[in-house]
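**Student:** If you scroll down you'll find the structure; I have some questions about it.
The values are calculated or read from the model by the stated rules, or taken from the named source; none is laboratory data. Quick caveat: nothing in here was measured; it's all calculated off a predicted structure. Neighbour counts run over all protein chains shown; Cβ positions are idealised from the backbone, glycine included. Keep in mind that these areas ignore ligands, DNA and RNA; they rest on the heavy atoms of the full protein, side chains included. Shrake-Rupley method; radii C 1.70, N 1.55, O 1.52, S 1.80 Å.
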Amino acid sequence: MSDRFEGWFRRVLMVVLVLGLPAAAVSAGLTAYEASMRTVRAQAAERHQVTARSTAGVRNDDDWAKRPAQVRWTDTDGVVRTGTALVKPGTPKGATVRVWVTRDGTITSQPVNTLNATTSGWVVGGMAAFGVAAVSYAAWAGMRLILDRRRCAQWDAEWDLVEPQWSARFRR
């Protein structure tokens, strides 16, 4: 009886893997991609790049990481603005740098692009596929553990009945 149940359960899990894994992966991936694309569109509409000039030099050390520096630019309304942006080490005072700003003139990071959205979709889809596979395997392993414990208990009970007769044959 437990062997039949195990075979039936294994078939159900295979159907879940064959049908559910791709469905979950595609659904989760597309949802993440579409959410990321909404962010891409919103940031593209809200942010633009301007040319600014550094108001102070940035010392050049052996590190390759960008350093914060004060910059000044004129926005589309003719208002001179200042802010802090990350620039390369060794940038002299008065050098031009490109910075991203919001509509209200606040320096911000570069907007996310479609590559970020595509990558997000693939990663989330892959994680969903892995999750379905892991849950299916855990269900199969748990079912095997329960059935094997039950089979061992049945084997012990039957052996308790047969063992006295079996060992009596060898005592003669």
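**Student:** If you line up the long axis of helix 114-168 against the longest principal axis of the chain, both from Cα atoms, how many degrees apart are they, to the nearest 10?
**Tutor:** Roughly 20 degrees, rounded to the nearest 10.
**Student:** Would you tell me the accessible area of residue 88, worked out with a 1.4 angstrom probe on the heavy atoms of the protein chains, in Å² to the nearest 10?
**Tutor:** The value for residue 88 is about 140 Å².
**Student:** Can you give me the angle between helix 2-15 and the longest principal axis of the chain, using Cα atoms only, in degrees from 0 to 90, rounded to the nearest 10?
**Tutor:** Its long axis makes an angle of about 20 degrees.
**Student:** Mind pulling the angle between the C-alpha long axis of helix 21-46 and the longest principal axis of the chain? Nearest 10 degrees, somewhere in 0 to 90.
**Tutor:** The two axes meet at around 10 degrees.
**Student:** Between 153, 24, 85, where does the largest GNM mean-square fluctuation fall for the chain, given springs only between Cα atoms within less than 10 Å?
**Tutor:** 153
**Student:** On a 1.4 Å probe surface of the protein chains, which of 109, 2 comes out largest in accessible area, and what is the full order?
**Tutor:** So the residues, ranked largest to smallest area, are 109, 2.
**Student:** Also: For 137, 33, what's the largest-to-smallest order of accessible area, 1.4 Å probe? Please list the in-between numbers first.
**Tutor:** Values: 137 145, 33 80 Å².
In descending accessible area the options line up as 137, 33.
**Student:** Let me ask something additional. Cα convex hull of segment 17-66: mean projected area in nm², to one decimal?
**Tutor:** With the hull built on Cα positions only, its mean projection is 7.2 nm².
**Student:** Taking the Cα centre of segment 1-66 as origin, work out the dipole magnitude from +1 charges on Lys and Arg Cβ and -1 charges on Asp and Glu Cβ, in debye rounded to 20.
**Tutor:** 260
**Student:** Give, as a single signed number, the net charge of other residues whose beta carbon lies under 9 Å from the beta carbon of residue 86, with Lys and Arg counted +1 and Asp and Glu -1.
**Tutor:** Result for the neighbourhood of residue 86: +3.
**Student:** Given Cβ point charges of +1 (Lys, Arg) and -1 (Asp, Glu) and nothing else, what value in debye, to the nearest 20, does the dipole of the chain about its Cα centre take?
**Tutor:** Here the size comes out at about 280 debye.
**Student:** How much area per residue is accessible in the chain when the probe is 1.4 Å and only protein heavy atoms are counted (Å²)?
**Tutor:** Each residue of the chain exposes 72 Å² on average to a 1.4 Å probe.
**Student:** Could you compute how fast the chain diffuses translationally, taking Rh as the Kirkwood radius over C-alpha pairs and applying Stokes-Einstein at 25 °C with viscosity 0.890 mPa s? Give it in µm² per second.
**Tutor:** In µm²/s, the coefficient rounds to 109.
**Student:** I've got another one for you. What residue among 166, 125, 112 has its Cα farthest toward the positive end of the dipole of segment 107-172, where the charges are +1 on Lys, Arg and -1 on Asp, Glu, each on the Cβ?
**Tutor:** Ranked along the dipole, the leading option is 166.
**Student:** Then there's this: Using a probe of 1.4 angstrom, how much of the accessible area of the chain is carbon and sulfur, in percent? Don't jump to the answer; show the numbers that get you there.
**Tutor:** Details: 7490 of 12400 Å².
Ligands and nucleic acids excluded, carbon and sulfur give 60 percent.
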